[in-house]
1. Looking for whichever is assigned to a helix (DSSP H, G or I), buried (at least 21 other Cβ atoms within 10 Å of the Cβ), of a type outside the set (F, W, Y) and modelled with pLDDT of 80 or more here; the options are D599, D590. Which one fits?
2. Being at pLDDT below 90 and touching a helix residue (DSSP H, G or I) at 6+ places or on another chain (Cβ under 8 Å) is the filter; apply it to region 45-56 and report the residue that is nearest to L85 (Cα to Cα).
3. For K936, state whether it is of a type outside the set (G, A, S), modelled with pLDDT under 85 and either closer than 24 Å to N791 by Cα or surrounded by 16 or more Cβ atoms within 10 Å (Cβ to Cβ) (or both).
4. So which residues in region 483-508 are surrounded by 15 or more Cβ atoms within 10 Å (Cβ to Cβ) and under 22 Å from E329 (Cα atoms), if there are any at all?
5. Does F72 fit the bill of being in the same structural domain as A201 (by TED's automatic domain parsing), out of contact with any helix residue (DSSP H, G or I) (no Cβ under 6 Å at 6 or more places or on another chain), within 30 Å of R270 (Cα to Cα) and part of a helix (DSSP H, G or I)?
6. Give the residue that is nearest to the chain's Cα centre (by Cα), with candidates limited to residues of region 339-379 that are under 13 Å from R314 (Cβ atoms) and charged (D, E, K, R).
7. Identify, please: which residue in region 249-260 is aliphatic (A, V, I, L, M) and touching a residue at least 24 places away in the same chain (Cβ under 8 Å) and is, among those, nearest to D156 (Cα to Cα)?
Amino acid sequence: MPRISDYYNTMTKQNTTNINSTHKKKAPIKKRGVNPDKENNFPIVGMGASAGGLEAFKEFFEAMPPNSGMAFVLVQHLDPTHKSLMVHLLGNHTKMEVTQVRDNTRVLPNHVYIIPPNKDMAIFQGVLHLMEPMAPRGFRKPIDFFLRSLAEDQTDRAIGIILSGTGSEGTLSLKAIKGNGGLSIVQDPETAKYDGMPRSAIEAGVEDFVLPVKQMPDVLLKYAKNRKFEPEGIPLQLQPTNQLLEKVFILLRNETGCNFADYKSSTVVRRIDKRMALNQVPKLEDYIKYLQANKEEIRKLFKELLIGVTSFFRDKEIFDSLQEKVIPEIVANKNDGDTIRLWVPGCSTGEEAYSLAILFDEIIKKQSKALKVQIFASDLDENAIYNARQGIYPETIAADIGPDRLSYYFQGDKNTYRIKKGIRDQIIFAEHNIIKDPPFSKLDLISCRNLLIYLNVEAQKKVFAIFHYALNPEGILLLGNSESLGEYARFFEVLDRKYKIFKFKEAQRADMPDIGHLFQEPIPLKTVSIPAQKREWQSSLANITSKVLLANYAPACAIINYKGDALYFSGNTGKYLQPSPGEARLNIIDMAREGLKSDLSALISNCRKITTTEVRKNVLVKTNGTLQAIDLTIRHLSQLDLNMEYWMVTFEDVDTPTEKPKATLEKKPEDFTEIQALEQELTATKEYLRSTIEQLEISNEELKSSNEELQSSNEELQSTNEEMETSKEELQSVNEEIVTVNTELQGKIDELARAYDDMNNLLASTEIGTIFLDSDLKIKRFTPAMSKIINLINSDVGRPIDHLSSNLIYNGFTKDAQTVLDKLTPYKTTVKSSDGLWYQMQIMPYRTTENVIAGVVITFVDITQEKKLGEQLLDFKKEYEHILEMTKTVVYTQNDQLIYTSIANIHSDFQFRNMIGKKDEDFFSKEDARKLEDIKRKVLKTGKPERATLELKVSGEARFYDLMVRPISEAKKIMGIACSSIDITDLVSAEKELKILKDHKNG
């Protein structure tokens, strides 16, 4: 059955080049813009791992069949100084061809590619490129470097997998892959040897699946089978899926309140296609049913459609341009005490908002004015907003932020960085629909990068109108590299065409799309009990019109609003109205036929002031070359209970004029001529001009008297609008803050309660006496164990420590605490209590999260047992050394290179020499050293103990030794030897003498 992608037709095809094996001639790199052929539309799986990754790779490829149709690129942290054995080690676990990447290697399906040591690797148009790493060793991020390029190059064909490893690398690159429509998989931390990298990705919410390694191949095969990859760049044409897509949009709107009909169809289709592949649903009709039955899937699709690809200082050149040209001008135009207002729509997890805040903070600190910065950062994604508010990011952001900024604006914590409070307080994060919700206003800068490219043309027009409304007269608009103003370029001045930086330009509001609907609720009709839709609204007007016309003999009529725009016609109005040439307009004055325009304009002007019915009789209208006398009537429609006013204009033909114009009183009816018509029109014009002059005079007086009031009103309206928006923002912000604060407080209360319990239990279980003193050495808190050391009770909190007596035989307690507080240097010593117990006392400065010293922490660890054991060990050591000395035994160890690593009871001839780190040849003759090495190397080789009696020359004297050599093994590997050497010279001499005596006796 066809899938959603099958409803799209490929419009063009291109010739392809043959792809050769990496063992043959390298395939040429295609030029930019050349689309890959259909054969190249296979998934490329980027796999990143660190510590423990080799076991995971082996497990993965043992379960992955060799003909999956996918390519696998492996990136692991490798020692840059050693040759990698990965190719050999993995080659035994898969039938696929495993190769180490060489520069300009084209990726082929059913192949495994491994990054070489001491290289960074990227992919461009399906070709792997190697580069020398720029970052120093220990700071390189090869996994993120490659997976980011994979996301940008392969888009929805990219698959990222993060396996075992420490740290947080891979999190940001998985986010990029998912943001470009690819698939992200993370190893289950419970199965990972090191869970740092998997947990970081899971905590960031960038994973599609969390799986044990053995289950990953099956998921990949099903995903590749159910998803059809279209060649990138080939145009797609929407077929009969419009109605089905609209059903998906309805389900999304009902569940989330967001209308994705404003998104480009190609973007939406690719995301839906991915979700269908993940859920193994082949038909769009079936997927709609699946959505109806599974609201959780609707939320997952909603999250999939919210594209959140961002990073700190993304496109550094753009931020450099802002820092050099734009931001200094904004700051210079502000007065002391002013607030700089910014808006970052589509902020995702907040990196761009924080980047702008950092730039403004740096520039403001360089000048003397006291300026505030307020940044509104909005997004549809609730989870992204939550993460942005936390301001916590993985350690890999160090690749995007310079070390100076990182240390100044961030606080490091294990494997993460947290934005500091001063920058965090400048930003208000809010859930906000840029098309549906009222915008922020009076803004100095709007940064909307890579959001508009996902919206269709009509939605873009609305957004540009919103931006134009929201900006100050000198406001700046920043767009993404792939975005343009299009037909709205005339409303903005170009500051930097390359980096898409524009400046507000004054424009007529009539030229901009109407965004008034964003600031008011829909206006209901009194006679309508359901929401006023256009068809029902017209029907309501039709009913009212029919009733009024029936009461007045049903002449031709039109319903107009306050602007004079016609909303409804009844009867044959073509005799009196005709459309004006040019752009279509429904203004009734513009449509009025010759002779009618001036009277109609005057009556409408009068009716706007009063609500009574106005009548103008014997108006001559030129229709079809003849003049027709009519009675023109305008009456206010009080039947419609609307905030906007409406009037009915009726045109009633008159056969014989009831009143003749003054200029034709002495003439007969048949003498009506063109001159009479002109005279009548002139009279009407004079009357209209007189009325207009009166109105202008009145208006002029009103304008003169209320000019300041109008300006004030304008300011008040803007202020009110701003206050309303601010109130909405504040209400949203307050609500969010209340919820966030409530959640945070509840979470912190729970955390504090758990931490309190954990700390009490920990301290109680360890029986470590701990006391916290403030900067005045007054007691803040203490553990129960401290009561045995210092006579403390609960009421002693707040008292100076030197007011209390202690059980320590130690007088420098208070002095040492003050010294640590002054010098901020930890102090450690052993002290004894009056009951004979020994403690290790340690005094440390008490540091807050802001790195402020707020007192000292003093701990007492009972080391009485250790003290006794130490004394016993010292006694044992003396006895052991005495035994060795009495038996003339030397005990020592050597490593596998026969270098001395330890020695006990050194021979008296060697006692002034440093034997550690040296070999036998440094102390013995070559012949003696060879004897020793032969025996020792035999033990290293066979792993069996050896014993021998050797004659060695020491200080020119021949001595005999009983040598015993045993292997030292670790994890079934011989790491060195342990030797014992007993001096048996006296014994050998005695034996010789005994033998001589025996021989002499026998002789």
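1. Working: D590 fails: buried (at least 21 other Cβ atoms within 10 Å of the Cβ).
Going through D599, D590 in turn, just one is assigned to a helix (DSSP H, G or I), buried (at least 21 other Cβ atoms within 10 Å of the Cβ), of a type outside the set (F, W, Y) and modelled with pLDDT of 80 or more: D599.
2. Taking region 45-56 first, the residues at pLDDT below 90 are 49-56.
Now restrict to residues that are touching a helix residue (DSSP H, G or I) at 6+ places or on another chain (Cβ under 8 Å): 49-50, 54, 56.
Working: A49: 15, S50: 15, L54: 11, A56: 16 Å.
For region 45-56, the residue satisfying everything is L54.
3. On the way: of a type outside the set (G, A, S): yes; modelled with pLDDT under 85: no; either closer than 24 Å to N791 by Cα or surrounded by 16 or more Cβ atoms within 10 Å (Cβ to Cβ) (or both): yes.
No, not satisfied.
4. Answer for region 483-508, where residues must be surrounded by 15 or more Cβ atoms within 10 Å (Cβ to Cβ) and under 22 Å from E329 (Cα atoms): F491, F492, L495, D496, Y499, K500, I501, F502, K503, F504.
5. Details: in the same structural domain as A201 (by TED's automatic domain parsing): yes; out of contact with any helix residue (DSSP H, G or I) (no Cβ under 6 Å at 6 or more places or on another chain): yes; within 30 Å of R270 (Cα to Cα): yes; part of a helix (DSSP H, G or I): no.
It is false that F72 is in the same structural domain as A201 (by TED's automatic domain parsing), out of contact with any helix residue (DSSP H, G or I) (no Cβ under 6 Å at 6 or more places or on another chain), within 30 Å of R270 (Cα to Cα) and part of a helix (DSSP H, G or I).
6. Here the residue is E351.
7. At the first step, the residues of region 249-260 found to be aliphatic (A, V, I, L, M) are 250-252.
If we keep only those that are touching a residue at least 24 places away in the same chain (Cβ under 8 Å) as well, we get 251-252.
On the way: L251: 24, L252: 22 Å.
Taking the candidates together, the pick is L252.
A quick yes/no check of all residues on (1) within 18 Å of R449 (Cβ to Cβ); (2) assigned to a helix (DSSP H, G or I):
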{"position": "P282", "(1), (2)": "no, no"}
{"position": "K289", "(1), (2)": "no, yes"}
{"position": "L301", "(1), (2)": "no, yes"}
{"position": "T310", "(1), (2)": "yes, no"}
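The values are calculated or read from the model by the stated rules, or taken from the named source; none is laboratory data. Just so you know, these numbers come straight off a predicted model, no measurement behind them. Cβ coordinates were reconstructed from backbone atoms using ideal geometry, including for glycine residues, and neighbour counts include every protein chain displayed.
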